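Comments concern the structure below.
The values are calculated or read from the model by the stated rules, or taken from the named source; none is laboratory data. Quantities reported herein were computed from a predicted structural model and do not represent experimental measurements. Cβ atoms come from the backbone with ideal geometry, glycine included; neighbour counts cover every protein chain shown. These area figures cover heavy atoms from the full protein model, side chains too; ligands, DNA and RNA do not enter into them. Shrake-Rupley method; radii C 1.70, N 1.55, O 1.52, S 1.80 Å.
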Amino acid sequence: MIEGTSTPFGSIWCANVVRMLESGSWGMEALVFSTNFRTGFDIEGFQTILPKNLIHHMVPGEPIYEFFDAWKGSAAQSSAMKIYGPKQWFVGAAELLAQKGYKINLQKKFLSRGWLIWEV
């Protein structure tokens with residue numbers, strides 16, 4: 001099941017990907033962030049559209065807060081890539097985020113289309 005939210009025109013969105021487990025309960029599989037790059041690349045824009053189960057956990061000490069803090073740090077570290085455009089900067093930030101220990105799907109076919117997939 002995929003559940004999420006987006007900006008009014010869908011230029012950026014965020015969705016939970018959950019799967020039914022053998023026990024009959026739902027298990028979180030991934031959190032997907034997507035942008036079409038028309039408005040550039042702004043991590044804070046994703047914070048405003050987090051799914052309801054996460055948006056109220058954007059406080060220090062919570063995993064989603066720590067994730068965004070690490071993502072912002074990775075974007076700052078890779079900011080020199082801005083000169084090549086938002087796609088390259090997005091990819092560079094994702095690669096640094098993965099190096100920090102987050103399980104990010106680094107397949108170029110996803111990243112180059114603006115999909116950051118955090119497998120949880």
Legend entry - Net charge contributed by nearby residues that have their C-beta within less than 14 Å of ASN53 (K/R +1, D/E -1): -2
Inset, instruction - Please work out which option in (1) 1.38; (2) 1.09; (3) 1.04 gives Cα Rg over 2.2 N^0.38 Å calculated from these coordinates, and answer with its label. - result: (3)
Legend entry - Theoretical ellipticity at 222 nm over the chain - DSSP helices of four or more residues, -39500 (n - 2.57) apiece, nearest 500: -9500 deg cm²/dmol
Inset, instruction - Return the sequence-ordered ³J(HN,Hα) values of the stretch 83-91 in whole Hz as given by the Karplus equation 6.51 cos²θ - 1.76 cosθ + 1.60 applied to θ = phi - 60°, using x for Gly and Pro. - result: 5, 8, x, x, 5, 5, 5, 4, 5
Legend entry - Karplus-derived 3J(HN,Hα), 6.51/-1.76/1.60, for each residue of the stretch 16-29, Hz, glycine and proline x: 7, 10, 10, 10, 6, 8, 4, 6, x, 9, 8, x, 5, 9
Legend entry - Cβ-defined net charge surrounding LEU106, 15 Å radius [Lys, Arg +1; Asp, Glu -1]: +4
Legend entry - Solvent-accessible area per residue, Å², over the stretch 1-60 with all protein chains present [probe radius 1.4 Å]: 62 Å²
Inset, instruction - Please work out the Cα center distance from the stretch 84-120 to the stretch 36-55, rounded to the nearest Å. - result: 15 Å
Legend entry - Length added when fully stretched, GLU44-VAL59, from 0.36 nm per residue minus Cα-Cα: 4.0 nm
Legend entry - the chain - percent relative contact order, Cα under 8 Å, separation 6 or more: 24 percent
Inset, instruction - Pairs to check: LYS87/LYS108; LYS72/LYS103; LYS72/LYS100; LYS82/LYS103. Give those whose C-alpha atoms are more than 21 Å from each other in this structure. - result: LYS82/LYS103
